[in-house]
Ligand code: NAD
Ligand code: ISE
């Protein structure tokens, strides 16, 4: 049986996920799309082999032609669509953030708990990246001993004018927040932001690069350098320092050349290329789970916890001191 997916938000990642669902992912088809920019939805529908274009995301969710929903619209719209999916009893994969505010995430958790079973997964694709998975395996095998410090680097070649200093937390570092929780297996309980010297290439309104230190329940540190206008490429690094050794993420080699006695490797230019295989793996895992009647992927709790941390992180940007993060009690559905 093919899972008929409806996509809400046919921008950059909506189109990229749609292409994967109609080509490389087994067991799915894209039957419906919706976007407030109707012309854009029509363009993407044609690329995806003629999906039906709906007037609104809410209409798409109600349609009998849709078994499962992919929410890839802008973050501010996520909660409304995810809540409508839960009300309709339809599985939904929502891109990060689950929602930009803790209050919205709490409403989603309450609705899913009231529904009684899991329907929601969140697009934290780095968990599916072979490099991150190897770092996790090195830790779990005991090879590097007790985990002590996680160092993360996240560099984008550039960001649009609309990108704000808060977005360094809510849009970008949210990935490191999720990776830290997932790799270390603990909640993050505090965050401090230490602004480094600004690059001359920073947008006038943007603190760039940005540096944060997250602390876990047991006192492990996770450091993050986020550099929005790094110019040279899209570069993500991660090193887990343990009591007996360290484990580092190795970026996939996208192309190389050896000339004049010098070896050169090309760096990815954007997230779509760097994490292409991880996006495919997360989508395939979701679809294969749905075929078996299961919801497989990072839960609404994972989305909620990440938003709790980045919401405090945004305050920490201006507070200039370490702030603590609090959570609601974890419902049994997410144990
Ligand atoms: P985008 O701006 O390219 O696309 C967003 C689309 O949503 C636009 O086409 C816009 O018209 C549409 N939209 C806005 N409001 C809508 C509404 N009410 N109903 C239907 N459509 C609506 O942005 P993007 O880069 O594709 O990002 C979309 C989401 O995906 C964001 O939440 C972003 O954080 C996330 N994202 C995740 C990753 C990742 O690595 N996991 C990468 C990029 C983006
Ligand atoms: C974007 O929204 C993403 O999620 C990318 O993975 C990230 O690298 C980038 O910084 C964000 O803007």
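The values are calculated or read from the model by the stated rules, or taken from the named source; none is laboratory data. Nothing here was measured: the structure is a model prediction, and the numbers come from that model. Cβ: placed from backbone, ideal geometry, glycine included. Neighbour counts: every protein chain shown.
Among the residues of the range 183-197, which ones are part of a loop (DSSP other than H, G, I, E, B) and under 19 Å from residue 137 (Cα atoms)? Show your work before the answer.
If we filter the range 183-197 for residues that are part of a loop (DSSP other than H, G, I, E, B), which is where we start, we get 185-187, 194-197.
Correct list: 185, 186.
Checking every residue in the range 74-93 against the condition of being within 24 Å of residue 313 (Cα to Cα), away from ligand 2 (no atom under 16 Å from the Cβ) and assigned to a loop (DSSP other than H, G, I, E, B) gives zero matches. Residues of the range 204-237 that are within 14 Å of ligand 2 (Cβ to nearest atom) and surrounded by fewer than 18 Cβ atoms within 10 Å (Cβ to Cβ): 233, 235, 237.
For the range 303-333, taking the residues that are free of Cβ contacts under 8 Å to residues at least 40 places away in the same chain and within 22 Å of the chain's Cα centre (by Cα), the one that is nearest to residue 111 (Cα to Cα) is identified as 330.
Give the residue that is modelled with the lowest pLDDT, with candidates limited to residues of the range 235-250 that are in contact with a strand residue (DSSP E or B) (Cβ under 7 Å, 6 or more places away or on another chain) and not in a strand (DSSP E or B).
Looking at residues that are in contact with a strand residue (DSSP E or B) (Cβ under 7 Å, 6 or more places away or on another chain) and not in a strand (DSSP E or B), I get 249.
Counting just the residues of the range 113-138 that are touching a strand residue (DSSP E or B) at 6+ places or on another chain (Cβ under 6 Å) and part of a helix (DSSP H, G or I), which one comes out nearest to ligand 2 (Cβ to nearest atom)? Residue satisfying both the conditions and the ranking: 135.
Looking only at the range 1-50, which residues are part of a loop (DSSP other than H, G, I, E, B), touching a helix residue (DSSP H, G or I) at 6+ places or on another chain (Cβ under 8 Å) and either at positive phi or surrounded by fewer than 17 Cβ atoms within 10 Å (Cβ to Cβ) (or both)?
Taking the range 1-50 first, the residues part of a loop (DSSP other than H, G, I, E, B) are 1-2, 9-11, 23-27, 35-37, 48-50.
Going one step further and asking which of them are touching a helix residue (DSSP H, G or I) at 6+ places or on another chain (Cβ under 8 Å), we end up with 1, 9-11, 24-27, 35, 48-49.
Those that are part of a loop (DSSP other than H, G, I, E, B), touching a helix residue (DSSP H, G or I) at 6+ places or on another chain (Cβ under 8 Å) and either at positive phi or surrounded by fewer than 17 Cβ atoms within 10 Å (Cβ to Cβ) (or both): 1, 9, 11, 24, 26, 27, 49.
From the set of residues in the range 1-16 that are touching a strand residue (DSSP E or B) at 6+ places or on another chain (Cβ under 6 Å) and within 12 Å of ligand 1 (Cβ to nearest atom), which is nearest to residue 282 (Cα to Cα)? Once the filter is applied, the top-ranked residue is 14. Of all the residues in the range 269-302, those that are part of a helix (DSSP H, G or I), under 19 Å from residue 120 (Cα atoms) and without any contact (Cβ under 8 Å) to a residue 60 or more places away in the chain number 1. Scanning the range 272-317 for residues that are under 12 Å from residue 170 (Cβ atoms) and at pLDDT below 95 returns a single hit, 317. Within the range 139-163, how many residues turn out to be surrounded by 13 or more Cβ atoms within 10 Å (Cβ to Cβ), away from ligand 2 (no atom under 13 Å from the Cβ) and outside any loop (DSSP other than H, G, I, E, B)? So the answer is 6. Screening 50, 27 for residues that are over 16 Å from residue 90 (Cβ atoms), more than 16 Å from ligand 2 (Cβ to nearest atom) and modelled with pLDDT under 95 leaves exactly one candidate, 50. For the range 94-107, a residue qualifies if it is surrounded by fewer than 24 Cβ atoms within 10 Å (Cβ to Cβ) and more than 16 Å from ligand 2 (Cβ to nearest atom), and the qualifying residues are 101, 102, 103, 104, 106, 107. Within the range 114-137, restricting attention to residues that are more than 18 Å from the chain's Cα centre (by Cα) and surrounded by fewer than 17 Cβ atoms within 10 Å (Cβ to Cβ), the residue that is farthest from ligand 1 (Cβ to nearest atom) is 116.
Residue-wise test of (1) surrounded by fewer than 21 Cβ atoms within 10 Å (Cβ to Cβ); (2) under 20 Å from residue 3 (Cβ atoms); (3) in contact with a helix residue (DSSP H, G or I) (Cβ under 9 Å, 6 or more places away or on another chain).
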position: 254; (1), (2), (3): yes, no, yes
position: 263; (1), (2), (3): yes, no, no
position: 272; (1), (2), (3): yes, no, yes
position: 280; (1), (2), (3): yes, yes, yes
position: 285; (1), (2), (3): yes, yes, yes
position: 301; (1), (2), (3): no, no, yes
position: 309; (1), (2), (3): no, no, yes
